[in-house]
Structures are given as structure tokens and as C-alpha cells.
Amino acid sequence: MRVVLDACVLYPTVLREILLGLAKEGLFEPVWSERILREWVLATGKISPEAPVIAAGEAAMARAAFPRALQSAQPQIEAKLSLPDANDIHVLAVAISSHADAIVTFNAQDFPRPMLAEWGIERRDPDGFLWEMHSRNPEIVARVAEAVRGTAERLSGQPMPIKTLMKRLQLHRFGKALAQG
């Protein structure tokens, strides 16, 4: 399964690390463009002025870990598309150009299912996508999520129960599934 990861699911570090961890396990093939990566890096500027520098390094590591993930939108496809937010047309164009099966995004209103269905592409919210991954591969997903949780806990110096951490990321069903084992 080829999946475009929108910038909004790459920006929260914990969510990105879970998604990329599952991709490393072979549960799906990630897809992005330079523009998607750039949007992620720029979005981190809300944290601090130094954050984009750190994110740029993380983006470089993601490029190196997944060299096939980097795709370009074909201009002739992009020119044919229309979405509620014109700034998201490139995401759909990358999905079409790369023959992706889905786009994982929090931005449901910007990617209406009927518009994506015309191209054979699904819009998946991160919670449902991860919950489904967990339903199909519970041991792998739990192991990846626990490793990310452990790293987050170690870096913050604070206890981070998995359900609480996932709730902060708006991953309610996924967090509940993980907490139930």
C-alpha cells in the first residue's frame, strides 16, 4: 500500500515516528514531495526559531531512510485538479502521480472523499489508519508505538502512558486499542 503522508501528520514528532516506524516494518510505503517536507519543516517554526533547523535534519534522515518516498507531482495532473484549499492540490497531484492508494491527513475538509475517489485514492485520518494497522498487525504496531512512547518519555523526563500520549495526538481509537493490549 502506497500512502502519501501530508505535512500535518509529519509535524507532530510522535505521530511521524510511529508512521515511519510502521513504514520501516513494511506495513506501508510512504510517499511525499519536497513541498510536503518543506511544509512540515516550516510548520515547526511555531515551536521555536531553532525548530526548523532540527526538522530539516529530520527530513533529511527521512529522505535517506525512504529514498523511494520522494515523488514529484506532474504539472499536467496538477493543472486538472481542484480542491477546497488550492494549497493542497499538490498533495493530491503527488498521490495521483505516484499511484498512491491513500492520503493520510487530519485535513478532512480539504480532501473531500468524492473528489479523491475520482482518482481511486482514499483519504485516511491518522487515527483510523493506525487503528486499522494495529488490527491487522497488533504485535508489530504495539512494538513500534511502545518504542516511540519510551523515547518520548525518556526525552521529556515525564511518565507518558500510551493512551494519554495518543489522546494528545487526537488518536483516540488507536490509543484505546494500544492500551487494551
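The values are calculated or read from the model by the stated rules, or taken from the named source; none is laboratory data. No experiment lies behind these values; they were computed from the predicted model shown. Every residue, glycine among them, receives a Cβ derived from its backbone with ideal geometry; neighbour counts consider all protein chains shown.
Before moving on, here are some points about what is shown:
- Residue match in the range 115-136 (condition: part of a helix (DSSP H, G or I), free of Cβ contacts under 8 Å to residues at least 24 places away in the same chain and among the acidic types (D, E)): yes
- The residues on offer are T105, T44, and the sole one that is of a type in the set (S, T, Y) and free of Cβ contacts under 8 Å to residues at least 40 places away in the same chain is T44.
- Exactly one residue among P75, P49, P84, P12 is exposed (fewer than 14 other Cβ atoms within 10 Å of the Cβ) and closer than 25 Å to G128 by Cβ, and that residue is P84.
- Residue list for the range 110-131, filter: over 18 Å from I36 (Cβ atoms) and either among the acidic types (D, E) or over 16 Å from the mean Cα position of the chain (by Cα) (or both): P112, R113, P114, M115, A117, E118, G120, D127
- Residue check for A60: among the aliphatic types (A, V, I, L, M), within 19 Å of R124 (Cα to Cα) and in a helix (DSSP H, G or I): no
- Residue within the range 148-160 that is over 20 Å from the mean Cα position of the chain (by Cα) and either within 18 Å of Y11 (Cβ to Cβ) or assigned by TED's automatic domain parsing to the domain that holds Y11 (or both) present: yes
- Just one residue in the set H99, H134 is under 18 Å from the mean Cα position of the chain (by Cα), closer than 24 Å to I162 by Cβ and either surrounded by fewer than 20 Cβ atoms within 10 Å (Cβ to Cβ) or at pLDDT 95 or above (or both); that residue is H134.
- Residue that is modelled with the lowest pLDDT [pool: residues in the range 1-32 that are assigned to a loop (DSSP other than H, G, I, E, B) and aromatic (F, W, Y)]: Y11
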